[in-house]
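Take this structure, written in structure tokens, and hold onto it; I'll ask about it next.
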Amino acid sequence: MSATRTMRRMSQEPMSQESVPHAPTPHESTRHESRNSSLNSLSRGQGTGARRVSSQIQREVMQLILDRKLRAGAPLPTEAELMGALGVSRNSVREALKALQALDIVEIRHGYGTYVGQASLTPLVDGLTFRTLAQQGDDGGALALGDILQVREVLEEGLIRRVADTLSDGDLDRLEGVVTRMEEAGRAGVPFPELDREFHELLYASLGNALVPQLLGAFWTVFRRVAGVRGWTDDPTPDVTVRRHRDIVVALRARDVVGAQRAMAVHFRGIEARAAQESRGVG
């Protein structure tokens, strides 16, 4: 039989029932959708479980650091040792360590191992900076930045009440020295944000609380970062800034706690007003 005749006969023969595609019945459609839904639910459940396990491993690593009294810079057990101690896979250990590194709880030094981190406030600074920049509205972000300034103001007004009785004449002389350097920089037309930071950190040094300068530094850094991103100008009235800092020192020399708190409040009103003006584009 020739190829032509064979092809003609095949074209004339009806297709078998199996070869004819058919639309799924309502029952089959429901079963297919149910199966997809189950798979999606399983996938979501596995993802939630994975996150939960990772979070648990992070807590266990932190507990291990505390239990062994490991200090910043001390080496952690190797990955293999952590796998054995925690009963988890290598990937789970690595995922947990990466998450803890983002919090500065551990430091991964490639080729050397993993060490206890400094547990600094850097993650807090990064988070607050992003939060402030992300909440920009019609006010140009002044409200979000005002929230941070308000927290810092409450902190400092409480601290200045505590420090008023602990500052020695030498401490006050050093504060006055910083104000004098501010004044000199202002006259020379040189911005002095670092001197401003030094003043506030020195102000509370006599408390002996290591967390205080870290917190103040964190708020200061957030403010400077936001100002840099927004393109804000340098202090337009350095003489006013100098006077407000000197008013704080004068009140403290007189052991006038209320006066020192009032001077600090006036100082922060000025910062908030400037932030609002810059946000509206008013120099």
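Compute, for the range 152-283, the length of the dipole vector about the Cα centre, with Cβ point charges of +1 (Lys, Arg) and -1 (Asp, Glu) only. Units Debye, rounded to 20.
Numbers: 19 positive and 21 negative charges, 79 e Å.
Dipole of the range 152-283, to the nearest 20 debye: 380 debye.
I need the calculated FRET efficiency for the pair Phe130 and Arg187, taking r as the beta carbon distance and R₀ as 45 Å, to the nearest 0.05.
On the way: r = 37 Å, r/R0 = 0.82.
Efficiency computed from Cβ-Cβ geometry: 0.75.
What is the distance, in nm, between label points placed 7 Å from the Cα along the Cα-to-Cβ direction at Glu201 and at Asp165?
Computed distance between label sites Glu201 and Asp165 equals 2.8 nm.
For the range 164-283, what is the accessible area per residue in Å² when the probe is 1.4 Å?
Result: 50 Å² per residue.
Please give, to one decimal in nm, the separation of the simple spin-label points placed at Asp239 and Val257, each 7 Å out from Cα toward the Cβ.
Using points 7 Å along Cα→Cβ, the separation is 3.6 nm.
I would also like to ask the following. By how many nm would the segment from Arg94 to Ala273 grow when fully extended, if each residue of separation counts as 0.36 nm and the alpha-carbon distance is taken off?
Working: separation 179, 0.36 × 179 = 64.44 nm, distance 4.71 nm.
Gain on stretching Arg94 to Ala273: 59.7 nm.
May I ask you to evaluate 6.51 cos²θ - 1.76 cosθ + 1.60, the Karplus curve with θ = phi - 60°, for each residue of the range 174-179 and list the ³J(HN,Hα) values in order in whole Hz, giving x for glycine and proline?
5, 5, 4, x, 5, 5
Please compute the contact order of the range 152-283 in relative form: average sequence separation of alpha-carbon pairs under 8 Å and at least six residues apart, divided by the residue count, as a percent.
Reported as a whole number, the value is 34 percent.
Still on this structure, please answer the following. In nm, give the distance between the simple-model label positions of Lys69 and Ser55, each being 7 Å from the Cα along the Cα-to-Cβ direction.
Placing both labels 7 Å along Cα→Cβ, they lie 3.2 nm apart.
The values are calculated or read from the model by the stated rules, or taken from the named source; none is laboratory data. All figures in this text were calculated on a predicted structure; none of them were measured in a lab. Every residue, glycine as well, gets a Cβ built from its backbone with ideal geometry; the counts of neighbours run over all protein chains shown. For the accessible areas, the whole protein counts, side chains as well, though only heavy atoms, and no ligand, DNA or RNA atoms are used. Shrake-Rupley method; radii C 1.70, N 1.55, O 1.52, S 1.80 Å.
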